[in-house]
Structure formats: C-alpha cells, structure tokens
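Take a look at the structure set out below.
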Amino acid sequence: MAIRSVAAPAQKRWRGRDRGSVTAEVAVLLPALVLLTALCVSAVGAVALHVRCLDAARSAAREIARGESPSAAVAVARERAPRGALVRVRAAGAGLVAVQVTARAGLAGWSGAGVRVGGEAVAADEELP
C-alpha cells in the first residue's frame, strides 16, 4: 500500500503566484519598523533627559534653600544638567525659590527635530524662622 501526499499538488499550484511575496511584504514593513524603533529610542532618551533636568533643578533648589547664592546654585545645576540646558531661578514667594531646568531632546536620526523636556523644583528657605 502506497502513501500519497495530498498537499504536494496544492503546493505546485500556488508556487508560481506567491513567489517573492514575502520579500515585498518585508520591503514595505521594514521602513515602518525602523521608524518605530527610532521613535522608541528617542522616547527613552527624552525620559532620561527629563530625569537629569529634574535632578539638576532639585540640586540647585536645595543649594539656594541652604543659603547659597543663586549663581552658585546655577553652577551646581549646570554640572548635573545635560549639555546646553537652560537654568532659570525665580522667587516663588513666601520664602520659596523655584528652579527650572529645560533641555532639548533630539529625535534619533533627525538633527532638526526634537522636543523640549525639563524639570522644576521648589524649595523653602531653611534660614527663615
């Protein structure tokens, strides 16, 4: 008794039509996957920059609360902040000081595109009674 394969004739019939379809699908899908990967990497980078800006703002606000001068606090913030970050110090009233640090997070692969991220910290003056 001989065993016959039922799938063999069906494979022959469809072999000519499907030839190259996987290559075409990958060619269409690959740019979208590259773009999605670049956006994900950029999002992770933006979150990391946000954390660094927030850390720099907290450090500067803490320095001012301890009685340091605003220029010394800005120097501390610039040490911790990403390169090119903008540091702002302002009085928030009632013995409070606010420090804002912002930086530009670029998109992976595009030099001109990006988003602004930042952090702000407020601290009370510890020398007030």
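Results, tabulated for the structure shown:
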read-out	value
Selection within the stretch 84-107 - of a type in the set (A, V, I, L, M), under 28 Å from S42 (Cα atoms) and in a strand (DSSP E or B)	L86, V87, V99, V101, A103, A105, L107
Cβ-Cβ under 6 Å pairs, at least 6 apart or on other chains, the stretch 34-62 side among the polar types (S, T, N, Q), far side assigned to a helix (DSSP H, G or I)	S59/V76; S59/R80
Those residues of the stretch 55-64 which are over 18 Å from A103 (Cα atoms) and surrounded by fewer than 21 Cβ atoms within 10 Å (Cβ to Cβ), in sequence order	R62
Tabulated pairs, the stretch 96-118, first under 30 Å from E63 (Cα atoms) and touching a residue at least 40 places away in the same chain (Cβ under 8 Å), second of a type in the set (S, T, Y) and surrounded by 16 or more Cβ atoms within 10 Å (Cβ to Cβ), C-beta under 6 angstrom, 6+ apart or interchain	G118/T102
In the stretch 86-102, the residues that are crowded, with 16+ Cβ neighbours inside 10 Å and either modelled with pLDDT under 85 or under 23 Å from L39 (Cβ atoms) (or both)	T102
Residue check, R83 among the basic types (K, R) and more than 16 Å from V122 (Cα to Cα)	yes
Conditions (1) over 21 Å from V44 (Cα atoms); (2) of a type in the set (D, E, K, R); (3) assigned to a strand (DSSP E or B); number of the one not met by E126	(3)
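Rundown of residues vs (1) modelled with pLDDT under 90; (2) surrounded by 14 or more Cβ atoms within 10 Å (Cβ to Cβ), yes/no style:
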residue: A75; (1), (2): no, yes
residue: R104; (1), (2): no, yes
residue: L107; (1), (2): yes, yes
residue: R116; (1), (2): no, no
residue: A121; (1), (2): no, yes
residue: L128; (1), (2): yes, no
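The rows are residues; the columns are (1) modelled with pLDDT under 90; (2) on the phi > 0 side of the Ramachandran plot; (3) in a helix (DSSP H, G or I).
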position: R4; (1), (2), (3): yes, no, no
position: W14; (1), (2), (3): yes, no, yes
position: R19; (1), (2), (3): yes, no, no
position: E25; (1), (2), (3): yes, no, yes
position: V28; (1), (2), (3): yes, no, yes
position: A46; (1), (2), (3): no, no, yes
position: V51; (1), (2), (3): no, no, yes
position: R58; (1), (2), (3): no, no, yes
position: A61; (1), (2), (3): no, no, yes
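The values are calculated or read from the model by the stated rules, or taken from the named source; none is laboratory data. Computed from a prediction, not measured in an experiment: that's the story for all the values here. Methodologically, a virtual Cβ is constructed for each residue, glycine included, from the backbone with ideal geometry; neighbour enumeration extends over all protein chains shown.
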